[in-house]
């Protein structure tokens, strides 16, 4: 119990240090304007990653802890390393050389490592939270969203202090068009490479792949981050736009296609495991079709909420989530990638699922709502 408290206190102290540094650099008004502008892209990007995570929603506490680590922990670690690299670069290459070294070499290596540490920690200490690539991408995305939020506060604050609100090509508005409109997914894209590696490591039974996949993912994140920073630091506007349109956007599109494919894979895994769970008496035969699709699940919750209230609907949601996690665990056991604690995890998930189902069924009219929704689907 002590370790989480110490961790949260450390993140709080990091936030205070970053706030003090920001105020010292751009002043209170600059921090306020920067924070307001930096907050605007957070909502849409978070919504996108929550959409990715719909099949088996990750614990909200862990997702916001990932955001906090990116915003505070990873940021302050990177700041220390990048400041040191910049100072050494100035000594070695003259004034201004340090900024180039920090942007093109130090920042990609340090920032992606600092963000990736959280994902490695989850894999080691919360292995049960990883069922594949989607989980790795989602956690990586939340860490990177937090990191980008804090970084954007500085960029927008500096733009405000130097040029005011400006227009489309300068000041806060210009910086927002670039970082908040054109490229809000760049940091999540970089760190998702590490997340994919972690997701592969979580699904494999090979010890070699378990080590190599995260390393390769991290190297891809560093290279992509370095290319992005180099195009802005060493090249002109034309170079930056070429990299953006010919490299970043196609990779982002490929990532979106991968996510859609993986979501469909998750649906197939769940659908394949549900009949066996029904045969074991863990779920009702009538619930197999409802649990096999997001549309069925959403309609089920809506029917229960309408007839039995939000408490019963929340219990149904918990039941659906536990059933999904149990299906993924059974799939991992079949593939030999579940780990030594698979039996204990299955008992815990089964107890959670059955308890949630009891809460839903015992709510007035909840079971009738479920049957009513099923009858309507079959008509």
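Every read-out reported here was derived from the displayed coordinates using simple, explicitly stated rules and does not represent laboratory data. If you're wondering where the values come from, they're calculated on a predicted model, not measured in any experiment. Using ideal geometry, Cβ is built from the backbone for each residue, glycine included, and neighbour counts are taken over all protein chains shown.
Counting alpha carbon pairs within less than 8 Å and at least 6 residues apart, what relative contact order, in whole percent, applies to the chain?
16 percent
What does the highest-first list of 235-241, 287-293, 187-193 look like by mean Cβ count within 10 Å?
Result, highest mean Cβ count within 10 Å first: 187-193, 287-293, 235-241.
Can you work out D for segment 93-209 in µm² s⁻¹ from Stokes-Einstein, where Rh is the Kirkwood radius over C-alpha pairs, the temperature is 10 °C and the viscosity is 1.306 mPa s?
So the translational diffusion coefficient is about 99 µm²/s.
So how tilted is helix 75-93 from the main axis of the chain? Cα-based, degrees 0 to 90, rounded to 10.
For helix 75-93, the angle is close to 30 degrees.
Along each of its three principal axes, how wide is the spread of alpha-carbon positions in the chain, in whole angstrom units, largest first?
Projected onto its principal axes, the Cα set of the chain covers 72, 46, 46 Å.
Express in % the proportion of alpha carbon pairs of segment 21-234 at distances exceeding 31 Å.
20 percent
How would you order 157-164, 329-336, 244-251 from highest to lowest mean count of nearby Cβ atoms within 10 Å?
157-164, 329-336, 244-251
Once both axes come from the Cα atoms, what is the angle between helix 366-378 and the longest principal axis of the chain, in degrees from 0 to 90, rounded to 10?
So the helix axis and the longest Cα principal axis differ by about 90 degrees.
What is the distance in Å between the Cα centroid of segment 1-62 and that of segment 215-237?
24 Å
Taking only the alpha carbons of segment 12-107, what extent do you get along each of the three principal axes, in Å, biggest first?
Result, largest extent first: 52, 31, 24 Å.
Under a plain spin-label model, where a point goes 7 Å from the Cα along Cα-to-Cβ, how far apart in nm are residue 341 and residue 36?
It is 4.6 nm.
Please give the length that would be gained between residue 289 and residue 223 if that part of the chain were fully extended, namely 0.36 nm times their separation in residues minus their C-alpha to C-alpha distance (nm, one decimal).
19.3 nm
Nearest 10 degrees, 0 to 90: what angle lies between the long axis of helix 42-52 and the longest principal axis of the chain (Cα atoms)?
The answer is roughly 40 degrees.
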